[in-house]
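Worksheet: one structure, shown below.
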Amino acid sequence: MKKTKDSQRFSFPDDEKKLPWLPLLLDAYEVIDKGIVDALKEHEKKQKAKLACQKGCDVCCRAQNDIPIYPLEMVGIYWYAIEKIGQLLRETLKKQLLSHTKGPQCPFLIEHACAVHPVRPAACRQFNVFNKPCAEGEDPYYTRRQDVLTPKRKYRDRAFFIMLPFYGITDDAARSSAIKSGQLDSQAKPMRICSWRHLAQRMDDFDTNQK
Ligand code: SF4
Ligand code: SF4
């Protein structure tokens with residue numbers, strides 16, 4: 001499905017001028033992606049292991065039960081799905097959102113690729129597996145933990161630091177303290193239990209207004 005072999009920041013200049021939360025999200029994802037590149041290099045060197053993840057590999061998008069999503073990430077996915085996804089994927093995505101049954105199959109997976117790739121959640125970005133691709137139905141976190149990348153904490157903390165103003169925490173000291181205490185952790189919920197019907201409806205409303 002993914003992966004992050006480089007850390008280029010996605011950029012939407014006009015939208016970023018209008019939507020104050022968007023640069024926070026994109027800056028934070030850039031930091032997360034940099035952290036992954038850093039951790040991947042270190043893991044590959046130390047463990048002499050080769051990254052198994054590659055384009056089109058999508059077991060993780062169909063078998064993962066534990067992908068958390070934070071409110072700002074949800075806002076990003078709503079925005080991208082409503083305003084950025086083109087006609088080719090749009091109708092398929094709406095159907096998948098409507099029929100999603102709160103299981104591990106991610107509704108954003110279309111033809112072995114992530115339909116919201118630029119704004120996919122940090123947890124998706126951070127999930128990287130070495131040595132061999134995941135077997136059908138496998139969650140390697142439980143079957144072979146040693147093959148799963150451990151992201152570097154300092155990048156996650158920096159990304160949270162950038163995102164915290166969205167949650168009303170703007171002061172530097174308060175942001176540091178919120179990160180230390182894990183204040184944001186309780187805001188995340190597993191993607192698989194989200195009801196996505198509302199997003200499909202919002203996409204429909206947007207399409208109607210465009211006519
Ligand atoms: S190896 Fe596993 S985690 Fe990596 S892209 Fe393939 S299915 Fe996803
Ligand atoms: S949002 Fe869904 S399709 Fe996209 S990378 Fe994450 S699990 Fe895969």
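The values are calculated or read from the model by the stated rules, or taken from the named source; none is laboratory data. It should be emphasised that the depicted structure is a prediction, and the values quoted were computed from it without experimental measurement. Positions of Cβ are generated from backbone atoms using ideal geometry, with glycine treated the same way; all protein chains shown enter the neighbour counts. When the accessible area is computed, the model is the full protein with side chains, heavy atoms only, and any ligands, DNA or RNA have been set aside. Shrake-Rupley method; radii C 1.70, N 1.55, O 1.52, S 1.80 Å.
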### Message
Here are the criteria: (1) within 15 Å of ligand 2 (Cβ to nearest atom); (2) among the acidic types (D, E); (3) in contact (Cβ under 8 Å) with a residue 24 or more places away in the chain. Tell me which single one D147 does not satisfy.
### Response
(1)
### Query
Counting just the residues of the stretch 145-170 that are within 16 Å of ligand 1 (Cβ to nearest atom) and charged (D, E, K, R), which one comes out most open to solvent (accessible area, probe 1.4 Å)?
R145
### Summary
Apart from one, (1) in contact (Cβ under 8 Å) with a residue 40 or more places away in the chain; (2) open to solvent by less than 30 Å² (accessible area, probe 1.4 Å) all hold for V37; the odd one out is (1)
### Task
Please list, ordered by first then second residue, the pairs with beta carbon atoms under 7 Å, 6 or more apart or interchain, first in the stretch 171-192 and surrounded by fewer than 17 Cβ atoms within 10 Å (Cβ to Cβ), second among the charged types (D, E, K, R) and assigned to a loop (DSSP other than H, G, I, E, B).
P190/D66
## Note on the structure
Sole miss for H117 among (1) surrounded by fewer than 21 Cβ atoms within 10 Å (Cβ to Cβ); (2) more than 15 Å from ligand 1 (Cβ to nearest atom); (3) under 30 Å from G168 (Cα atoms); (4) not aliphatic (A, V, I, L, M) is condition (2)
### Summary
Conditions (1) of a type in the set (G, A, S); (2) in contact with a Leu (Cβ under 8 Å, 6 or more places away or on another chain); (3) away from ligand 2 (no atom under 14 Å from the Cβ); (4) under 25 Å from L40 (Cα atoms) -> A178 fails only (4)
### Pairs where the first residue, in the stretch 103-115, is free of Cβ contacts under 8 Å to residues at least 24 places away in the same chain and the second is of a type in the set (A, V, I, L, M) and away from ligand 1 (no atom under 13 Å from the Cβ), C-beta under 8 Å, 6+ apart
I110/L89; I110/L93
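Can I82 be described as of a type in the set (V, I, T), within 18 Å of the chain's Cα centre (by Cα) and closer than 21 Å to K189 by Cβ?
Here the answer is yes, as I82 does meet what is asked.
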### Query
On the given criteria, is A52 open to solvent by less than 20 Å² (accessible area, probe 1.4 Å), within 11 Å of ligand 1 (Cβ to nearest atom) and small (G, A, S)?
yes
#### Entry: First in the stretch 118-142 and free of Cβ contacts under 8 Å to residues at least 24 places away in the same chain, second anywhere and open to solvent by less than 30 Å² (accessible area, probe 1.4 Å) and part of a loop (DSSP other than H, G, I, E, B), Cβ under 7 Å, 6 or more apart
P140/C134
#### Entry: Subset of the stretch 86-114 that is over 22 Å from L26 (Cα atoms), within 16 Å of ligand 1 (Cβ to nearest atom) and open to solvent by less than 70 Å² (accessible area, probe 1.4 Å) - its residue that is modelled with the highest pLDDT
I110
